[in-house]
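Worksheet: one structure, shown below.
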């Protein structure tokens with residue numbers, strides 16, 4: 001899949017760089033000073049690059065851990081996210097990354113140790129904190145190359161006063177099948193009805209495969225997060241979401257569920273225009289949308305109806321204490 005790797009000169013001899021390179025054969029390597037000279041270059045075509053993305057190995061210098069957007073959370077008093085990687089191997093039509101970045105190449109920051117130092121500083125304040133991984137990438141999809149989950153999980157095992165969420169669509173469960181489940185780690189799966197996913201979640205595992213992975217991890221003892229995010233409106237959406245909920249809850253023990261959340265489909269205006277220009281024949285971007293001062297979103301009554309309907313579906317199987325509405329206002 002990857003035939004070209006750009007490497008910042010500063011980290012070319014970093015042990016993790018060398019380990020990652022050892023996993024590739026017949027790959028072209030190109031030395032660079034800073035990742036931005038490739039990743040932030042002007043006049044790039046995201047859609048063309050997405051067909052054959054390159055990997056960029058880099059060092060992150062700041063912004064290791066950032067406050068999560070307002071309204072984003074699963075019960076903790078403080079919420080933060082961190083991104084060891086930019087961009088995703090999947091190609092979901094609604095993904096905000098294609099509107100945020102000009103490049104479809106993957107950036108992997110190899111200095112994991114610096115992420116951990118910043119995380120530990122926040123944990124030392126003794127607050128009830130959730131850390132989210134998977135905001136700018138999929139947490140597990142490239143684990144065989146990155147080894148990031150293998151590195152970060154033992155850290156959180158030491159701190160029971162905080163929660164780590166690994167957000168994913170992947171059926172890649174290593175190293176989760178090789179270690180004892182960590183009680184304060186949540187493996188959270190992005191989910192939507194099968195028919196909608198087949199149309200929009202390009203290159204991602206099918207919903208059927210994701211549910212099978214949820215079943216495996218649940219049986220192993222891992223805590224599971226169900227993330228119906230974003231909610232997608234369309235023909236027969238109620239029937240489709242009902243089938244989805246039943247298919248999930250029929251195979252998972254409620255005791256395995258850490259949390260359930262629903263998130264609306266929303267885009268900042270400039271981001272919507274950029275993504276819409278890439279998918280001029282995509283029904284998803286036809287609506288029914290409306291625009292406020294900062295966002296393009298479903299009409300309020302549709303957004304509220306979808307959230308309430310899906311919440312009630314979950315209440316048929318799970319207590320209300322497990323259910324969260326992740327909305328930015």
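The numbers here are math on the coordinates, done by the rules we state, and not lab data. This is a predicted model, so every value here is computed, not measured. Glycine gets a Cβ as well: all are built from the backbone with ideal geometry, and neighbour counts include every protein chain shown.
Structure data summary
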item	result
Burial ranking of peptide ranges 174-180, 55-61, 224-230, 35-41 (average Cβ count within 10 Å, highest at the top)	224-230, 55-61, 35-41, 174-180
Against the rule of thumb 2.2 N^0.38 Å, how large the Cα Rg of segment 103-163 comes out	1.21
log₁₀ of I(q)/I(0) at q = 0.16, 0.18, 0.20 Å⁻¹ - segment 55-138, Debye sum with one point per alpha carbon	-0.69, -0.84, -0.99
Sum of -39500 (n - 2.57) over DSSP H runs of 4+, divided by residues of the chain (222 nm, nearest 500)	-9000 deg cm²/dmol
Globularity ratio of segment 208-253, using Cα Rg and 2.2 N^0.38 Å	1.26
Segment residue 66-residue 209, extension gain: residue separation times 0.36 nm, minus the distance between their alpha carbons	48.3 nm
Along each principal axis, Cα extent of segment 155-198, largest first, Å	41, 22, 12
Value of D in µm² per second that Stokes-Einstein yields for segment 189-329, Kirkwood Rh from Cα pairs, at 20 °C (1.002 mPa s)	134 µm²/s
Alpha carbon centroid spacing (whole Å) that separates segment 251-329 from segment 125-173	23 Å
Size of segment 4-325 as Cα extents on the principal axes (Å, biggest first)	54, 47, 36
